[in-house]
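The values are calculated or read from the model by the stated rules, or taken from the named source; none is laboratory data. Please read these numbers as outputs of a predicted model, since none were measured by experiment. All Cβ positions, even for glycine, are placed from backbone atoms using ideal geometry, and neighbour counts span all protein chains on display.
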Amino acid sequence: MEIGDWEQVEGIVFDIQRYSVHDGPGLRTNVFLKGCPLRCAWCANPESQSLQPELALSAHNCMTCGQFETPCPICWEQSDAAIRIEALGERPYVCPTGAIYWIGARHTAGEVMAEVRRDAPFYDRSGGLTLTGGEATMQPAFAEALLQLAQGEGIHTALETAGHTQWSVFERLLPHLDLLLYDLKHVDGELHRRYTGLDNALILENLRRIADLPAPKLIVRVPVIPGFNADAASLSAIAAFVLSLGRRVSEINLLPYHTLGKSKYQALGRAYPWKDQPRLTNAEMQQLAKVVSDEVAPAGLPVRIGG
Ligand code: SF4
Ligand code: SF4
């Protein structure tokens, strides 16, 4: 395909974060693609899960503008999404405060790249584009177009993935990547299915296959979730699995559980499933990092908290 053709490929994006210092080296432009096949009970980006744009409401921003005979509700009260859209779907376009809004919109790769290029002068030698979500591999044509365009302009490319996708999708994307951030949540298939909605067989298999390839740089990221995997046995098993991949993984990042996504559930009219779990203290995180480090450090594999 020509550059002009790649630029016309369309996808659904729900956020573009500029000047980010997460999800890759240096300064990043993080593009969040909508859609994820998993349903992790602790998910901090519930607005990413559905592939379709969604209507959301942040009632604290409402100024009761008085434009409508029937006012906007102060919460969704669990009403069906289709009913809300039918009744209120036009209101985001006239809401003066942005209290009611659409999450996710259709864009061409060319439009997204125009945003990415605004950050390019600040990338220096290490920064670049990171595709995240959601699960960017659910929109393979769009992800491929963005990576292809960025690569063509000499922009560093990274992809964050939960790994649940067909191998043929990775075959399309891997040649255009400098860095792959691969999330590994649990090696126990049954626990994985219970708390994320899907078994981990495909995720483990894809990681094994990627580890057999010479590129791209591969970092394994483990969200450390109390009540799911924040214990020595679970993390030790993950460390053992990573070691079994040989020397291709360049580091393990442990991502501490946080509750920043809580208000998003309310805005979407959904219950927050992980509400009873406390956050881990720094001391607890250090202790868990030591468990992983004790296992992998002798093989020269660094462990870092954060990512
Ligand atoms: S893989 Fe990530 S985006 Fe998808 S449900 Fe899990 S936490 Fe959310
Ligand atoms: S349009 Fe916006 S400001 Fe007006 S009532 Fe609805 S949410 Fe509130």
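Structure notes:
- Qualifying helices (runs of 4 or more DSSP H) (wholly inside region 98-177; at least 3 residues being surrounded by fewer than 17 Cβ atoms within 10 Å (Cβ to Cβ)): 109-119, 167-173
- Any chance ALA44 is aliphatic (A, V, I, L, M), assigned to a loop (DSSP other than H, G, I, E, B), more than 12 Å from ligand 2 (Cβ to nearest atom) and at negative phi: yes
- Within this structure, SER50 fails the test of being modelled with pLDDT under 95, among the polar types (S, T, N, Q) and assigned to a loop (DSSP other than H, G, I, E, B).
- ILE103 passes every criterion in (1) modelled with pLDDT of 95 or more; (2) hydrophobic (A, V, I, L, M, F, W, C); (3) out of contact with any Phe, Trp or Tyr (no Cβ under 6 Å at 6 or more places or on another chain) apart from (3).
- Condition met for ILE219 (assigned by TED's automatic domain parsing to the domain that holds ALA44, away from ligand 1 (no atom under 14 Å from the Cβ), within 30 Å of GLN151 (Cα to Cα) and in contact with a helix residue (DSSP H, G or I) (Cβ under 7 Å, 6 or more places away or on another chain)): no
- THR108 being more than 16 Å from ligand 2 (Cβ to nearest atom), among the β-branched types (Val, Ile, Thr) and within 23 Å of THR259 (Cβ to Cβ): no
- Options GLN67, GLN52: the member that is closer than 23 Å to THR108 by Cβ and loosely packed, with under 14 Cβ neighbours inside 10 Å: GLN52
- When region 14-65 is filtered for residues that are among the small types (Gly, Ala, Ser), within 10 Å of ligand 1 (Cβ to nearest atom) and closer than 23 Å to LEU129 by Cβ, the ones remaining, listed by number, are GLY35, ALA44, SER48.
- Within the option set TRP42, TRP76, being surrounded by 11 or more Cβ atoms within 10 Å (Cβ to Cβ), among the aromatic types (Phe, Trp, Tyr) and not assigned by TED's automatic domain parsing to the domain that holds GLY269 holds for one residue only, TRP76.
- Qualifying positions in region 92-140 - free of Cβ contacts under 8 Å to residues at least 24 places away in the same chain and either under 17 Å from PRO71 (Cα atoms) or within 16 Å of ligand 1 (Cβ to nearest atom) (or both): TYR93
- Candidate set: region 79-88, residues that are touching a residue at least 24 places away in the same chain (Cβ under 8 Å) and away from ligand 2 (no atom under 12 Å from the Cβ); chosen: the one surrounded by the fewest Cβ atoms within 10 Å (Cβ to Cβ): SER79
- Yes/no for ALA56 being in contact with a strand residue (DSSP E or B) (Cβ under 7 Å, 6 or more places away or on another chain), touching a residue at least 40 places away in the same chain (Cβ under 8 Å), within 16 Å of ligand 2 (Cβ to nearest atom) and of a type in the set (Gly, Ala, Ser): yes
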